[in-house]
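Some notes on the structure that comes next.
Each reported figure results from applying straightforward, stated rules to the coordinates on display, with no laboratory input. Keep in mind that this is a model prediction, so the values were computed, not measured. Please note: Cβ atoms are built from the backbone with ideal geometry, for glycine as well, and neighbour counts cover all protein chains shown.
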Amino acid sequence: MKASAAMSKYETYKDSGVEWLGKIPVHWKLIRLKNAASINPSLNLKNYESNDHACFLPMEKVESSGLVDYGLQKPIKELKRGFTSFRRNDVIIAKITPCFENGKGAFLHSMPTDVGFGSTEFHVLRSFKGFSSSFLYYLSKTHFFMDVGEQLMIGSSGQKRIPTDFLVNFLFAAPSFEEQTAIAHFLDQKTAQIDAAIAIKEQQIALLKERKQIIIQQAVTRGVGFDFAQPTDSDRSLSEVEGNSVPMKDSGVEWIGEIPAHWEVSRLSIIADVIDPNPSHRNPIYHLEGFPFISTVEFKNDDDIVLDTSRRVTESTVLEQEKRCRFKEGSLVFSRKGTIGAVRILPNHMRFALLDSLCVINASDKVQYHFLYLQLQSFFVREQFHSIVRGAALPQVSIGVVRLLKILIPPRNEQAAIVIYLHEETKKVSNAIVIQQQQIEKLREYKTTLINSAVTGKIRVTPEMAIAVGSP
C-alpha cells in the first residue's frame, strides 16, 4: 500500500491558526461543525404509521470500523420515545466512554429503513447542503477529533461523555463539496482494502488459536507422547503410537474416549479448593486510589491480567478476600459468569480484589497448578459447562458446578512433562499470533494516518485517484 507521505500534496498551504490542524491547503476554509451539519436534529414522523418498522441500533450493533448490523427492526411506536432518532445518510458518533475513544460510529448510508432509532449514547450529525456526510464521518475518525473530544469529556469516571458543545464548536478545514466527495470515495476504497487485509489476519489468528487448543487438548487428555502430525484410532493407546504399549481405559466422558489406564478422573473439588471471593455478591465502592479490582475486563491476550484498571478498592475489601481466598503462588482465577471458563494465574507480587463473577482455585499437592491451569483451558473442561449454559441469555454457572468439573490427573512427573511440552509448543503458536497482531496494529495505524492526512489536506486527493483506487 502506498504510504501517505509518498502521495502528492497541494501546491500552497496556509497556517490554519488551529494548533491541532497546523497548515491547510490555501483554498480550504475553516468552519465550525455547527455550520456544516445539524447536530442532534429532531425527526419528523408525521409521514410514518406507528406500526411502520424502523432499524434499531443499540451500541453493540455499531462497530469501531464503521460497520453496522441493521438486522434488528421494531415498530416505530415502540421506539419514538426514549431513544435517539436518525435518518438514512446521517452520521452517528458514540458519546460515552469508552465507546467514543474506541471510535464507535457510522455513516448510515446503507440503512434499509428511511428512519432509525438507537442508543441515547449516540450524537447525530445531519449534513447541510454543500457538505458530504461521508466526509464528516471520516472527520470524526481523525486523531485530532478524537483527542480534543476526549479532553473535553464531562461526567464521573466510567460515565464520561463528549458534550454537544464540543460538536457545535469544533473547528475543521473544509474543501469544496467536490473535493469532499473525492476524498470520501478515496477513503471508502482504501479503508475497505485495509479492513479486508485485517479480516484475513484475524482469520489467521482464529485458526492459530484453534491450533493451540488442539495441542492443549491432546496433551492434557493423552499425554505428551501423542503424535499431532499423524491421526490415530481412538482405541490405540498413546504409547502404541511411539511403539510402547501402555494400557488405556474408558474415561467415562463421551467426547474424550479413552485415557491412559494409570490416569485418574477426579472432581475439581477433590484436588483443589474452589472459593467464592465475595459470597455476599455486593460489589464494593470504587475509588480513584487503592488496590486493583479484577474482572474479566482485565484478562488480556490468552494468559495475561492487566492491572492498570481504573477501578480501585480499599484495603478492607482486599483484606476480606485475602482471608477468605488464601491467595498463594499458583492461585488460579476462573470466570463463571459471562465469559465462562476464562482462566488466569493470579499475580503474587501485588495485592488486589476480585469481582464476584470470578472464583479462586487453589490446587492441592496432588496436582501442579500449571497443569491444572492448562487443563482448565481445554475443550475437555469447557464442554462440561458449555453443555449446561448453552442458549442462556446470560451464561453463568454456580460455584457448585465448578467444583463438580471432571479433571484428568496423571502422575506428577507426567504433569511436569506435559507442562514443559506445552510451554514450548504453545509458545510457538503464541509467537505466530503476536506477529499477526502486530501486523494488524500496523494496518490500523496506516488506516488512521491515511484518514488524518486526507481529511486535513496533508495529501491531495483528486477524483482520478478515487476512481483509480476502485479499479481492478
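Fully extending the segment from N89 to N35 would add 17.7 nm, taking 0.36 nm per residue of separation and subtracting the current Cα-Cα distance.
A Förster radius of 22 Å combined with the Cβ-Cβ distance from K427 to Q396 puts the calculated FRET efficiency at roughly 0.10.
Give the residue from S364, Y446, T462 lying farthest towards the positive end of the charge dipole for the stretch 322-472; charges sit on Cβ (+1 for Lys and Arg, -1 for Asp and Glu) and the dipole is referred to the Cα centre. The Cα lying farthest towards the positive end belongs to S364.
Please report how many Lys pairs in the stretch 1-118 have alpha carbons closer than 14 angstrom, counting only residues at least 8 apart along the chain or sitting on separate chains. Taking the stretch 1-118 as the scope, the lysine pair count is 7.
Using a Förster distance of 51 Å, how high is the FRET efficiency between Q203 and K366, based on the Cβ-Cβ distance and rounded to 0.05?
Calculated value: 0.80.
From least to most packed, judged by other beta carbons within 10 angstrom and beginning with the fewest, S132, S398 follow the order S398, S132. Under the simplified labelling scheme, the E150-E445 pair shows an inter-label distance of 1.5 nm, with each label point 7 Å from Cα along Cα→Cβ. Taking other C-beta atoms within 10 Å as the exposure proxy, S65, S134 rank S65, S134 from fewest upward. Distance between the C-alpha centres of the stretch 80-98 and the stretch 258-299: 39 Å, rounded to the whole angstrom.
Each DSSP beta bridge with both residues in the chain is either parallel or antiparallel, and the antiparallel ones are about 90%. In the chain, the sites counted are GluC sites (Glu not before Pro) in DSSP loop states with at most 14 other Cβ atoms within 10 Å, and the longest stretch holding none of them, exclusive of the sites, is 64-241.
Taking a quarter of the surface of the Cα convex hull of the stretch 256-312 gives a mean projected area of 6.9 nm². At an R0 of 30 angstrom, the distance between the Cβ atoms of I435 and S64 translates into a FRET efficiency of 0.85.
Think of the stretch 75-189 as a dipole: +1 on every Lys or Arg Cβ, -1 on every Asp or Glu Cβ, centred on the Cα centre; then among Y138, L108, S176, L108 lies furthest on the positive end. The fewest-to-most ranking of V318, V253 by surrounding Cβ atoms within 10 Å reads V253, V318. Of all lysines in the structure, the ones whose alpha carbon falls short of 29 Å from that of K427, not counting any fewer than 8 places away in one chain, are K201, K209, K212, K300, K328, K337, K366, K406, K442.
Rounded if a/c is under 1.5, else prolate if a/b beats b/c, else oblate: with a ≥ b ≥ c from the C-alpha gyration tensor eigenvalues square-rooted, which is the chain? Because a/c hits 1.5 or more and a/b exceeds b/c, the chain counts as prolate. Positive end of the dipole of the chain (Cβ unit charges, origin at the Cα centre): among Q159, F327, V434, the Cα lying farthest that way belongs to Q159.
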